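Participant: Got a structure for you, questions after.
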Amino acid sequence: MPTVDISGWTCPTPLRDQPRVVMGHGGGGALSAELVQQIFAPAFGGEILAQLGDSAAVSLGGVRLAFSTDSYVVRPLFFPGGCIGDLAVNGTVNDLAMSGAQAAYLSCGFILEEGVEMPVVAGVADAMGAAARAAGVEVATGDTKVVEAGHGDGVYLNTAGIGLIPAGVDLRPQRVTPGDVVIVSGDIGLHGVAIMSVREGLEFGVEIESDCAALGGLVETMLAVTPDLHVLRDPTRGGLAAALCEIATASCTGIVIQERAIPVPPAVANACAILGLDPMYVANEGKLVAFVPREHADAVLDAMRAHPLGAGAAIIGEAVATHPGMVVASTPLGGTRVVDLPLGEQLPRIC
Amino acid sequence: MKYLDEFQNPELARRLLDDIRSTVTRPWALMEVCGGQTHTIIRHGIDQLLPDQVELIHGPGCPVCVTPLEVIDKALEIAARPEVIFCSFGDMLRVPGSDRDLFQVRSRGGDVRVVYSPLDALKIAQQHPDREVVFFGIGFETTAPPNAMTVYQARKLGIPNFSLLVSHVRVPPAIEAIMTSPGCRVQAFLAAGHVCSVMGMEEYPELAARHRVPIVVTGFEPLDILEGIRRTVRQLERGEHTVDNAYPRAVRSEGNPAARAMLADVFEVTDRSWRGIGTIPASGWRLSERYRDYDAEHRFSVGGITTKEPAACRSGEVLQGFIKPHECEAFGTLCTPRTPLGATMVSSEGACAAYYLYRRLGTTPTPQEASPVV
């Protein structure tokens with residue numbers, strides 16, 4: 001086993017206290033970030049990876065490409081509003097879309113557990129095919145591996161994708177400037193609560209469906225209004241809070257959001273109230289956050305609302321020059337609070 | 001969400017705040033007993049909106065925070081055993097023991113599961129008759145009845161492989177301990193509404209009279225908190241010290257008789273150690289003699305635990321209201337939610353975590369605290 005010298009790392013670092021991987025390392029919060037920054041990035045090197053975007057913007061033969069990969073280990077495999085198959089397609093399509101690219105080609109890696117029923121595999125594959133056709137992307141290559149019974153959760157998937165970045169589009173956190181308007185494309189928290197409700201057998205009075213969807217078309221609509229969007233982010237693991245914190249840090253800009261302006265469906269709000277979770281930290285799979293120059297904000301908002309996936313779009317805040325690197329929420333009562341990067345996964349409280 | 005929205009209405013909140021401002025004439029120090037109330041206060045910025053004369057002191061009412069280190073170490077030792085399926089509510093998994101937490105036990109192969117009800121743990125015991133299923137039964141009067149019910153069911157159904165690691169605590173003795181501790185500044189209490197919804201209010205008049213403190217039973221939504229503060233300040237300004245129910249939609253004076261009967265059947269009152277505070281007489285419950293077979297401590301005979309509290313942690317003083325979280329030297333430096341020294345920093349309802357999460361405006365996050373995630 002390789003040894004890793006952690007003596008030079010600055011305190012506090014949880015890796016000193018986390019000699020083994022814990023679930024929080026995959027939760028999309030601070031622990032995930034540290035794993036990437038302290039183990040993966042130094043091991044791989046490379047300037048492109050160091051940008052740590054949802055997808056990498058690369059140039060090949062003078063053509064600007066977006067390139068991304070993601071793995072999917074969701075349980076259960078089928079859930080209200082989708083399954084691991086369309087999630088794997090839409091997730092990578094959306095990572096590319098956050099660079100402004102329309103996905104062109106995907107790869108697909110299946111890791112199957114010995115014993116999983118063939119109709120399950122077929123169902124997942126069918127869903128992938130349907131999602132790819134809907135997103136206008138072709139699954140061009142793939143791979144299959146089988147692991148012994150008990151070494152997997154039925155089906156794990158990996159997808160990678162490439163797409164073209166249109167001329168004039170330059171989406172990255174460093175372009176965020178004070179005065180930018182923050183827009184979210186619709187109701188937050190649906191995917192995380194939908195998964196939780198079926199995984200844990202919780203009932204919240206109404207069935208909550210995942211918002212799993214491909215956002216390439218919505219992004220195209222927005223870019224048609226102005227190619228001068230500053231940054232897009234799909235708030236998946238870690239939710240809206242993590243996406244905003246990442247942008248605030250990477251841009252060295254402060255962000256102020258109006259908590260009351262954030263669209264939270266009643267069912268999500270109720271579920272979160274019962275479990276002691278904050279909807280801002282719950283995962284989404286079909287939403288985006290956009291930082292838009294103020295002069296374009298109304299036009300972009302109108303265009304988003306005219307698109308089926310942006311019908312619930314709302315302005316939730318703005319970038320500010322004060323408190324750089326920090327996200328601050330104005331509470332409905334008029335107070336303020338800091339919105340922090342989640343540590344790992346949110347944990348339901350005791351009472 | 002209309003129902004909850006009604007209790008977060010900014011216009012009604014403004015009216016309550018105006019009333020508090022017009023009532024208060026001198027400084028008062030109120031303690032909200034429950035960590036859920038602390039969380040609401042900080043999350044909604046209620047303490048920022050109150051007049052300067054009204055100081056809120058955060059009480060010991062976070063069940064995760066006050067669970068003693070020794071019990072957590074016992075939980076960790078039991079959870080690491082190969083024959084055990086250890087079930088817990090989610091927020092206990094990250095609470096540090098002397099040298100690890102339940103997440104780390106799981107990462108080393110321990111079968112640790114998050115459940116949403118103790119009855120789920122009982123179901124797991126039925127599904128796995130060849131394993132020992134242990135539920136971590138901690139908390140105040142709110143979580144005690146369902147845990148008692150689960151033990152009752154286990155015996156009724158003849159499920160031998162279920163047990164409870166119990167560390168339940170009671171609020172009234174804690175109030176007594178706070179009021180009799182040297183240096184106590186608390187002049188009134190916002191009592192925890194959900195505790196009273198189970199236990200009623202019978203235990204409070206004697207406390208209020210003896211210590212001459214108003215006790216106002218208060219809910220958890222922002223308007224509940226403001227109404228509780230308003231009524232408390234009114235009493236203080238008038239020199240009154242009675243028990244008042246500002247949470248009548250959930251609390252009846254007699255509480256929940258069925259839940260109380262279940263508690264009386266399954267549990268008995270015992271002295272209990274509170275993390276960071278020490279032993280408070282008659283402040284806890286343990287399984288009564290008739291149910292002792294279901295006590296995980298007896299079943300697994302966990303002994304020889306030597307605990308080690310970090311010297312820099314002042315969570316005990318925070319829990320008793322002697323200092324505010326940010327007045328601890330380790331706050332935000334040695335002690336963060338990722339590297340918590342004490343449970344008040346790790347629990348979602350802990351006062352230190354609430355301050356860290358919501359009240360660091362004006363400080364700059366370190367690179368690790370706010371870094372991008374692929």
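Participant: Loop only per DSSP, at most 14 neighbouring Cβ atoms within 10 Å: give me the trypsin sites (Lys or Arg not before Pro) in the range B:193-294, ordered by residue number.
Facilitator: B:Arg212, B:Arg249, B:Arg252
Participant: Starting from the range B:273-365, pick out the GluC sites (Glu not before Pro) whose DSSP state is loop and whose Cβ has at most 16 other Cβ atoms within 10 Å.
Facilitator: Filter output for the range B:273-365: B:Glu329.
Participant: Using every Cα-Cα pair within the range A:206-297, state what percent have a distance larger than 16 Å.
Facilitator: I get 61 percent for the Cα pairs in the range A:206-297 exceeding 16 Å.
Participant: Follow-up. To the nearest 20 debye, what is the magnitude of the charge dipole of the range A:129-212 about its Cα centre, counting +1 on the Cβ of each Lys and Arg and -1 on the Cβ of each Asp and Glu?
Facilitator: The calculation lands at about 380 debye.
Participant: According to a simple spin-label model (label point 7 Å from Cα along Cα-to-Cβ), what is the distance in nm between A:Glu117 and B:Tyr116?
Facilitator: The answer from the label model is 2.4 nm.
Participant: How large is the convex hull of the C-alpha atoms of the range A:271-337 per residue, in Å³?
Facilitator: With only Cα atoms used, the range A:271-337 gives 140 Å³ per residue.
Participant: A further question follows. Given the Cα-Cα distance of B:Arg210 and B:Arg252 and 0.36 nm per residue of separation, how much length would full extension add, in nm?
Facilitator: Stretched fully, the B:Arg210-B:Arg252 segment lengthens by 12.8 nm.
Participant: Over chain A, what relative contact order in percent results from Cα pairs under 8 Å that are six or more residues apart?
Facilitator: 22 percent
Participant: Does the range B:209-348 classify as rounded, prolate or oblate by the C-alpha gyration tensor (a ≥ b ≥ c root eigenvalues; a/c under 1.5 gives rounded; else a/b over b/c gives prolate, otherwise oblate)?
Facilitator: Oblate, since a/c reaches 1.5 and b/c is not below a/b.
Participant: Testing the spin-label approximation: label points 7 Å from Cα along Cα→Cβ at A:Ala321 and B:Asp130. State their distance in nm.
Facilitator: 6.9 nm
Participant: Can I ask one more? Just to confirm my numbers, what's the Cα centroid distance between the range B:170-190 and the range A:22-80 in Å?
Facilitator: Each part's Cα centre sits 50 Å from the other's.
Participant: Now a separate question. Rounded to the nearest Å, what's the spacing between the alpha carbon centres of the range B:80-140 and the range A:144-213? Just the number, please.
Facilitator: Cα centroid of the range B:80-140 versus Cα centroid of the range A:144-213: 29 Å apart.
Participant: How large is the helix-only mean residue ellipticity at 222 nm for chain A, computed as the sum of -39500 (n - 2.57) over DSSP H runs with n ≥ 4, divided by its residue count, in deg cm²/dmol to the nearest 500?
Facilitator: Value at 222 nm, helices only: -8500 deg cm²/dmol.
Participant: Could you pull the Rg and Dmax for the range B:160-226, using just the Cα atoms, both in Å?
Facilitator: 14.8, 49
Participant: Mean separation of Cα pairs under 8 Å and 6+ residues apart, divided by the residue count of chain B: what relative contact order is that in percent?
Facilitator: Taking the mean separation of contacting Cα pairs over the length of chain B, I get 22 percent.
Participant: What spacing in nm lies between the two simple spin-label points modelled at B:Asp99 and A:Ala311, each 7 Å away from Cα in the Cβ direction?
Facilitator: Placing both labels 7 Å along Cα→Cβ, they lie 5.8 nm apart.
Participant: Specify the angular offset, from 0 to 90 degrees and rounded to the nearest 10, of the alpha carbon long axis of helix B:118-127 from the longest principal axis of the alpha carbons in chain B.
Facilitator: 10 degrees
Participant: Next question. Output the lone cysteines of chain B: those with no second cysteine's C-beta under 4.7 Å from their C-beta.
Facilitator: Unpaired cysteines in chain B: B:Cys34, B:Cys87, B:Cys184, B:Cys196, B:Cys313, B:Cys328, B:Cys335, B:Cys352.
Participant: For n ≥ 4 DSSP H runs only, could you compute -39500 (n - 2.57) per run for chain B, divide by its residues and tell me the 222 nm figure to the nearest 500?
Facilitator: It comes out at -11000 deg cm²/dmol, rounded to the nearest 500.
Participant: Only residues of the range B:36-79 count here: report those whose backbone N is under 16 Å from the spot 7 Å along Cα→Cβ of B:Thr279, or say none.
Facilitator: B:68-71
Participant: How are the alpha carbon pair distances in chain B distributed across 20 Å bins from zero to the largest one, expressed in percent?
Facilitator: Taking every Cα pair in chain B, the percentages come to 28, 57, 15, 0.
Participant: Beyond 40 Å, what percent of the Cα pairs of the protein assembly as shown remain?
Facilitator: 34 percent
We did not get these values from a lab; they are worked out from the coordinates using the rules stated. Bear in mind that the values here come from a model prediction, so they are computed numbers and not experimental data. For neighbour counting, all protein chains shown are included, and Cβ atoms are generated from backbone atoms with ideal geometry for every residue, glycine included.
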